[in-house]
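Let me begin by presenting the structure, written as structure tokens, before commenting on it.
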Amino acid sequence: MSELKGWREIPIAGVTWKSSMETKTGDWKTFKPVIDQNKCIKCLICWISCPDMAIQWNGEKVVENYDYCKGCGICANVCPVKAIKMVKEE
Ligand code: SF4
Ligand code: SF4
């Protein structure tokens, strides 16, 4: 007889039960990305690379959503034309 618990006996843990859309997850960042629309070539590499979906395509251009941006800087690093600058939060 196994002493290991089956999945029914294991307490529920680590289960996401709430949508992060309800909680603004970007309020602790130190730096925020600022997109220079004059430099942007609309390649969408930043859009596809952001782990928090905080770069959005509005049909005409990519825009920052600071409510969910954590300031990781990935978008600025992947931009091929350096159109994104990380700027210190005030
Ligand atoms: S800094 Fe990070 S979280 Fe914020 S928009 Fe760029 S990739 Fe997304
Ligand atoms: S990666 Fe740079 S050039 Fe491409 S869409 Fe984003 S800001 Fe624009």
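The values are calculated or read from the model by the stated rules, or taken from the named source; none is laboratory data. It should be emphasised that the depicted structure is a prediction, and the values quoted were computed from it without experimental measurement. FYI the Cβ positions are ideal-geometry reconstructions off the backbone, even for glycines, and counts take in every protein chain you see.
Here are a few things to note about the model shown:
- Some residue of the range 17-33 being at pLDDT 85 or above, surrounded by 10 or more Cβ atoms within 10 Å (Cβ to Cβ) and near ligand 2 (Cβ under 10 Å from one of its atoms): yes
- Those residues of the range 35-58 which are among the aliphatic types (A, V, I, L, M), under 16 Å from the mean Cα position of the chain (by Cα) and in a loop (DSSP other than H, G, I, E, B), in sequence order: Leu44, Met53, Ala54
- Residues in the range 59-90 that are assigned to a strand (DSSP E or B) and among the basic types (Lys, Arg): Lys85, Lys88.
- Filtered residues of the range 57-88 (kept if touching a Phe, Trp or Tyr at 6+ places or on another chain (Cβ under 7 Å) and either surrounded by 12 or more Cβ atoms within 10 Å (Cβ to Cβ) or among the hydrophobic types (A, V, I, L, M, F, W, C) (or both)): Trp57, Val62, Gly71, Gly73, Met86, Val87
- Taking residues in the range 46-64 that are more than 14 Å from Ile84 (Cβ to Cβ) and without any contact (Cβ under 8 Å) to a residue 60 or more places away in the chain, and partners anywhere that are part of a loop (DSSP other than H, G, I, E, B) and within 12 Å of ligand 2 (Cβ to nearest atom), the pairs with Cβ atoms closer than 8 Å and at least 6 places apart or on different chains are Trp57/Leu44.
- Residues of the range 67-81 satisfying the condition of being of a type outside the set (A, V, I, L, M) and out of contact with any Gly (no Cβ under 8 Å at 6 or more places or on another chain): Cys72, Gly73, Cys75, Asn77, Cys79, Pro80
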